[in-house]
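*Asks:* Next up is a structure, given as structure tokens.
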Amino acid sequence: MVFDYVIISIMAGIFLGYFYWHYTIAPFEILRIMQNYLISNWHKFLIVQHFRTLFAPWHRQNPSDIGPRSKTFTDKILDVITDFYIRLIAAAIRLVIIGSGLIVELLTIVLFLIIFIAWLAWPAICVYSISSGLNSIL
């Protein structure tokens, strides 16, 4: 009789400890992991740096820097136009990278929101599954 009480109290302690961990500690850890993923993706796509250097030349190279130093007036005008187009192409590439990074950030948030909701609902799903299984057996 006393042995049964000890086993029940130990099992109740484990059960309550699990629910304490499941609903108080683990959700904050999931959110911390999500924050780490968001920071990682933000740095991986260099979103701030691409915004800062949006209209800068690609890899700091201007086509006007290549070629002879003595240029005619038309060569200089063509170099300015070429530099402008290269900057536009670089801006388009950077905008695609920024957009891809923001899409990955959004997908990360959605994925972790699904994980978070599933984590909170998991004990209820388990209890429901066990009870429906027992009802189908009996």
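*Asks:* Name every residue in the range 19-55 that is hydroxyl-bearing (Ser, Thr, Tyr) and at pLDDT 90 or above, in order of residue number.
*Replies:* Passing the criteria: Tyr20, Tyr23, Thr24, Tyr37, Ser40.
*Asks:* In the range 36-54, which residues are within 8 Å of the chain's Cα centre (by Cα) and surrounded by 15 or more Cβ atoms within 10 Å (Cβ to Cβ)?
*Replies:* The answer is Tyr37, Leu38, Asn41, Trp42.
*Asks:* Which of the residues belonging to the range 66-111 are within 30 Å of Leu31 (Cα to Cα) and among the acidic types (Asp, Glu)?
*Replies:* Glu105 - this is the single residue of the range 66-111 that is within 30 Å of Leu31 (Cα to Cα) and among the acidic types (Asp, Glu).
Yes or no, residue by residue, for (1) surrounded by 14 or more Cβ atoms within 10 Å (Cβ to Cβ); (2) aromatic (Phe, Trp, Tyr):
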| residue | (1), (2) |
| --- | --- |
| Thr24 | no, no |
| Phe28 | no, yes |
| Phe73 | no, yes |
| Asp79 | yes, no |
| Ser100 | no, no |
| Ala121 | no, no |
| Tyr128 | no, yes |
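*Asks:* Need the failing condition index for Val127 against (1) modelled with pLDDT of 90 or more; (2) under 30 Å from Ile33 (Cα atoms); (3) more than 18 Å from the chain's Cα centre (by Cα), just the number.
*Replies:* With (1) modelled with pLDDT of 90 or more; (2) under 30 Å from Ile33 (Cα atoms); (3) more than 18 Å from the chain's Cα centre (by Cα) applied to Val127, the lone miss is (1).
*Asks:* Might you check whether a residue that is at pLDDT 95 or above and in contact with a Leu (Cβ under 7 Å, 6 or more places away or on another chain) occurs anywhere in the range 93-107?
*Replies:* Yes, some residue in the range 93-107 is at pLDDT 95 or above and in contact with a Leu (Cβ under 7 Å, 6 or more places away or on another chain).
*Asks:* If you go through the range 86-101, how many residues are farther than 11 Å from Ile47 by Cβ and charged (D, E, K, R)?
*Replies:* Qualifying residue count, the range 86-101: 1.
*Asks:* Taking the range 1-38 on its own, how many of its residues are among the polar types (S, T, N, Q) and farther than 30 Å from Glu105 by Cβ?
*Replies:* Taking the range 1-38 and keeping what is among the polar types (S, T, N, Q), we get 9, 24, 35-36.
Within this subset, residues satisfying the condition of being farther than 30 Å from Glu105 by Cβ are 9.
Number satisfying all stated conditions: 1.
The values are calculated or read from the model by the stated rules, or taken from the named source; none is laboratory data. Quantities reported herein were computed from a predicted structural model and do not represent experimental measurements. Cβ coordinates were reconstructed from backbone atoms using ideal geometry, including for glycine residues, and neighbour counts include every protein chain displayed.
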